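Nothing in this text is a laboratory measurement; each read-out follows from the coordinates by a stated rule. Keep in mind the model is a prediction, meaning the values are calculated, not measured. When we count neighbours, we look across all protein chains shown, and the Cβ atoms used for this are built from the backbone with ideal geometry, even at glycine.
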Amino acid sequence: MIKQRILVVDDTSSNIKILHAILQNEFDVSAVVDGQECLDFLSSQPVPDLILLDVMMPGMNGYEVCRRLKQNQATKDIPVIFVTAMGEVEDETHGLELGAVDYITKPIRPPIVLARVKSHLLIKNQHDQLKKSISIMEHDSEMMQQKADLGIQAGGLAHDINNILAACLFIEFLPEHLPESIPEKTLVQEDADSILRSLQLGCEICQGYTSYLRDIGSQAKAQPVLPLLQPIDMYSRQFKGKTIKNYSENLPLLFCKGYQIKRVLVNLFTNACQAIENQIQQVITIKVWSAEGEIFISMQDNGPGIPAEVVPDIFKERFTTRENGTGLGLFIVKEIIDSHHGTIKVETKEGKGTIFTLSLPESGE
Ligand SMILES: Nc1ncnc2c1ncn2[C@@H]1O[C@H](COP(=O)(O)OP(=O)(O)OP(=O)(O)O)[C@@H](O)[C@H]1O
Ligand SMILES: [Mg+2]
C-alpha cells in the first residue's frame, strides 16, 4: 500500500529528527527547514497529505506560510498542524484562525503526535471521499438532465411530425375525386388505404411520444396498471409475430410515475421484438398479476436467449450486442425500477428465450 505523505517544516534539526522517528514507520516523511523552502517544495512536488508546521522560524514564520498555503488553490486543502512551544495559547488561536486544523505543543510527545496526525488524515480522507461522491452525483444529475432534455426534444420532434402526418390524412378522400369511369380507380383506392394506414400508425406513434412528454415532470400517483401497457399495443402493430396477453383481473393500484413505467415496458417489448426478429414463429407473452403486496409484470420471448457470459452486463450503461444498439435501454429500465423500489429479474436459456419479470410494490391507497 502507498504510504501517505507528511511534510515537516522546522528550523530545528532535532525536532525534525524526532518527528521523523515517530512517523517514518507509517508514513512517507519529508522535511524542509524554513518557510520559503516549504513553498518551493510544494510547488515542485506532488502535494503531501498533511503538513506539520513549526510556528517560530527565522525569515517567514509558520503563520505566514499557513496563510499563503490557504490562499493557493493547489495547497489550500492540505491539513496543517502547527507545532508550537508550550504557553503560546493566543498564538495557537491565531494559527487555527488562519485555517490550521490543530496544534501540537512542544516538547513533542510521540503518542500525541501519532494520534493527531492519524485523526486528521482520517478526516481528510473522508472529506476527499465526500468530494468525490459529490462530483459523481453532479455528473449523474447532469447525465439525467441531458437524458430528460433529449426526451423533451424527441417529444417536440414527435409533436411536429404528428402535425405533418395528420395534415396528410386527407389522402383518405383523394380517390373520391376521381371519376368512377377510371379503370385504375380500385388500385388507387387500395394504395390510398395503405398510405392512410401507415400515416395513422405514424400519428399514433408520435402521439405516444408526446404523451410521454406531457407526463414528464408529473408526480408519481396511484394508478391502474393496465393502461400503462397501452403503448405496447402501439408497437405491436409493427410486430409481425403473436402477442399473448395474460392479465389478471382486479389488480391493485400501482404508485408510480406512469410515463416512466411505460418507458420500461416499451423498452422490454422492443428488446423482445428485436431478439426474435429471425425466428420463424415469433411469440411474446406478457403477463400481469399480483401477490403479497407486489404487482408483477413479465415479458417473455421465444428468442435465442442471452448467453450466460453476457447476462451480468445487460443492465450496464452502454452495453449492447446489437449493431445499432445504444445500450441504454435496460440501463434506463433498471434505474426506473430501482427508483420505484422494485426489482427486475431475468431468466434466460440459450435457444429457449428470455423472461424479464418486474416486481413493483402495490400502492397502499
Ligand atoms: N429479450 C432479449 N433477448 C436477448 N437478448 C437481450 C434481450 N433483451 C436484452 N438483451 C441483450 O441485452 C443487451 C442490452 O439491452 P439494451 O436494451 O440495454 O440495449 P440495446 O437493446 O442493445 O440498445 P438500445 O439502447 O437501443 O435499447 C442487448 O444488446 C442484448 O444483447
Ligand atoms: Mg434495447
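Observations
- Put a plus charge on the Cβ of each Lys and Arg, a minus charge on the Cβ of each Asp and Glu, and nothing anywhere else: the dipole of the chain about its Cα centre is then about 720 debye.
- Under the simplified labelling scheme, the Leu226-Arg197 pair shows an inter-label distance of 2.7 nm, with each label point 7 Å from Cα along Cα→Cβ.
- Using a Förster distance of 22 Å, the FRET efficiency for Glu292-Lys245 (Cβ separation, nearest 0.05): 0.45
- Inter-label distance for Met137 and Thr357, nm, one decimal - labels placed 7 Å from Cα along Cα-to-Cβ: 3.5
- Over 22 Å between alpha carbons, listed pairs Lys221/Lys245; Lys257/Lys349; Lys185/Lys240; Lys240/Lys316; Lys242/Lys287; Lys147/Lys257: Lys221/Lys245; Lys257/Lys349; Lys185/Lys240; Lys240/Lys316
- Shape analysis of the stretch 138-213 places it in the prolate category; the axes a ≥ b ≥ c from the Cα gyration tensor give an a/c of at least 1.5, with a/b above b/c.
- Tensor-based shape of the stretch 1-66 (alpha-carbon gyration tensor, a/c under 1.5 rounded, otherwise prolate or oblate): oblate
- Between the helical axis of 258-275 and the longest alpha-carbon principal axis of the chain there is an angle of about 70 degrees.
- Packing around the peptides 161-169, 249-257, 175-183, taken as the average count of other Cβ atoms within 10 Å per residue, puts them in this order, highest first: 249-257, 161-169, 175-183.
- Lys pairs, the stretch 1-127 - Cα-Cα below 25 angstrom, 8 or more residues apart or on other chains: 14
- With the simple model of a label 7 Å out from the Cα in the direction of the Cβ, Glu204 to Glu184 spans 3.0 nm.
- Hydrodynamic radius (Kirkwood) for the stretch 5-108, which is based on Cα pairs only, to one decimal in Å: 13.4
- Length released on extending from Asp11 to Gln24, taking residue separation times 0.36 nm less the Cα-Cα span: 2.8 nm
- Span from the the stretch 123-182 Cα centroid across to the the stretch 273-333 one, whole angstrom: 23
- Between the Cα long axis of helix 62-71 and the first principal axis of the chain there is an angle of about 20°, rounded to the nearest 10.
- Taking packing as the residue-averaged number of other Cβ atoms within 10 angstrom, the listed peptides 70-77, 282-289 run from highest to lowest as 282-289, 70-77.
- Percent of alpha-carbon pairs separated by more than 24 Å within the chain: 71
- Each DSSP beta bridge with both residues in the chain is either parallel or antiparallel, and the antiparallel ones are about 55%.
- Within the stretch 220-361, percent of DSSP bridges classed antiparallel, to nearest 5: 80
- Per-residue [θ]222 nm for the chain (sum of -39500 (n - 2.57) over DSSP H runs n ≥ 4, rounded to 500): -15500 deg cm²/dmol
- Efficiency of FRET between Lys76 and Gln153 - r from beta-carbon atoms, R0 41 angstrom, step 0.05: 0.50
- The chain: angle of helix 185-215 to the longest principal axis, Cα-based, in degrees nearest 10: 30
- Cα gyration tensor category, rounded, prolate or oblate, for the stretch 110-172 with a/c compared to 1.5: prolate
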